[in-house]
Amino acid sequence: MSFSADVVTLFPELFPGPLGASVIGRGLADGLWSLRTTQLRDFAADRHRTVDDTPAGGGPGMVLKPDILAAAIDAVSPPGDPRPRLLMSPRGTPLGQARVRELARGPGAVIVCGRFEGVDQRVIEARNLEEVSIGDYVLAGGEVAAMALLEAAVRLIPGVLGAAESHAEESFEGGLLEYPQYTRPQIFEGREIPAVLTSGDHGKIARWRREAAEALTRTRRPDLLKR
Ligand code: ADE
């Protein structure tokens, strides 16, 4: 059974978007993963297809109605569906490579894309939605966040990346940022490739890369070294 993604959104036309390109799109075409989008508005109960309402207690913006969202979730993910149900939200748990690896190993995900000020808390609890953030900034909606999460997970599915795009040494896999890379020409605008990398001494190259990765991580992401 392959990785199955369901996305509940007010903007299904945004998909597959970038998920239809390159290795991720090839994997989709080859059946290594599947993507289905569901228009939340199709579950609205009234003539105006209303999906949101004003926040209880007052304040700006609109809140997604729990009954409409629950109906959409139940339609794509009936009880017993083994897939985690995610809600993309800037107040979610920060997404990291460890959670991405877990998701990629699993049966897929049901992803709810929020818009407006938020989602009624009761549907988050009643449908066990795991709130996930892709970073400390606020997007206009969860769709781009869902695409980022899916792209990160799908590229880890066996067969999606060829040997040429292997991820053994990339950023985060060893708890460090990736070392700098170089390719020909030997001199670019007066800058040379570090001599060690063209020395042929594989022990020295490995040591240089390790030290470069540690130095980069120390200056840019000291929080990674503490983990
Ligand atoms: N929706 C809006 N901002 C978001 C973020 N940073 N992460 C996930 N979903 C979001």
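The values are calculated or read from the model by the stated rules, or taken from the named source; none is laboratory data. From a predicted model like this one, the values you see are computed outputs, not experimental measurements. Every residue, glycine among them, receives a Cβ derived from its backbone with ideal geometry; neighbour counts consider all protein chains shown. Quick note on the areas: whole protein, heavy atoms, side chains included, nothing else; ligands and nucleic acids left out. Shrake-Rupley method; radii C 1.70, N 1.55, O 1.52, S 1.80 Å.
Across the stretch 57-152, the fraction of Cα-Cα pairs farther apart than 23 Å, rounded to a whole number, is 23%. For the chain, the share of DSSP beta bridges that are antiparallel, to the nearest 5, is 15%. Please report how far the C-alpha centroid of the stretch 1-50 lies from that of the stretch 152-207, rounded to the nearest whole angstrom. What the calculation gives is 33 Å, centre to centre. On the chain, 53 percent of the accessible area sits on carbon and sulfur atoms, based on a 1.4 Å probe. Dividing the summed helix terms, -39500 (n - 2.57) for each DSSP H run of n ≥ 4, by the number of residues in the chain produces a 222 nm estimate of -9000 deg cm²/dmol to the nearest 500.
All Cα-Cα separations within the chain were binned at 10 Å from zero, giving a P(r) of 7, 26, 29, 20, 11, 5, 2, 0, each value a whole percent of the pairs. Exactly which trypsin sites (Lys or Arg not before Pro) in the stretch 90-186 are in a DSSP loop and have at most 10 other Cβ atoms within 10 Å? Here no trypsin sites (Lys or Arg not before Pro) fit, given the DSSP loop and packing criteria. Most tightly packed first, judged by the mean number of other beta-carbon atoms within 10 Å of their residues, the peptides 143-153, 33-43, 76-86 read 143-153, 33-43, 76-86. Per residue, the accessible area of the chain comes to 58 Å², computed with a 1.4 Å probe over protein heavy atoms only. Put simply, when 176-185, 7-16 are sorted by average Cβ atoms within 10 angstrom per residue, most first, you get 7-16, 176-185. Compared with the alpha-carbon gap, the fully stretched path from GLN181 to THR54 is longer by 40.6 nm at 0.36 nm per residue.
Considering only GLY58, GLY31, GLY190, give the residue with the highest GNM mean-square fluctuation for the chain, with springs between Cα atoms whenever their separation is below 10 Å. Ranking GLY58, GLY31, GLY190 by mean-square fluctuation puts GLY190 first. Round to the nearest 10 and give me the degree value, 0 to 90, for the angle of helix 143-154's Cα axis relative to the longest principal axis of the chain. Compared with the principal axis, the helix lies near 50 degrees.
Axis angle, to the nearest 10 degrees, between helix 66-76 and the longest C-alpha principal axis of the chain: 60 degrees. Measuring r between the beta carbons of GLU117 and ARG26 and using R0 = 41 Å, the FRET efficiency lands at 0.60. The spread of Cα positions in the stretch 169-226, taken along each principal axis and listed from longest to shortest, comes to 36, 26, 15 Å.
At q = 0.14, 0.16, 0.24 Å⁻¹ the log10 of I(q)/I(0) for the stretch 1-94 amounts to -0.67, -0.84, -1.33, computed by Debye summation with a single uniform scatterer per C-alpha, solvent ignored. Summing +1 for each Lys or Arg and -1 for each Asp or Glu among the other residues whose beta-carbon sits under 9 angstrom from that of VAL23 gives +1. In a fully extended conformation the segment linking ALA195 and ALA126 would gain 18.9 nm over its present Cα-Cα distance, using 0.36 nm per residue. Distance between the modelled labels on SER34 and ALA163, one decimal in nanometres: 3.2 nm (7 Å Cα→Cβ projection).
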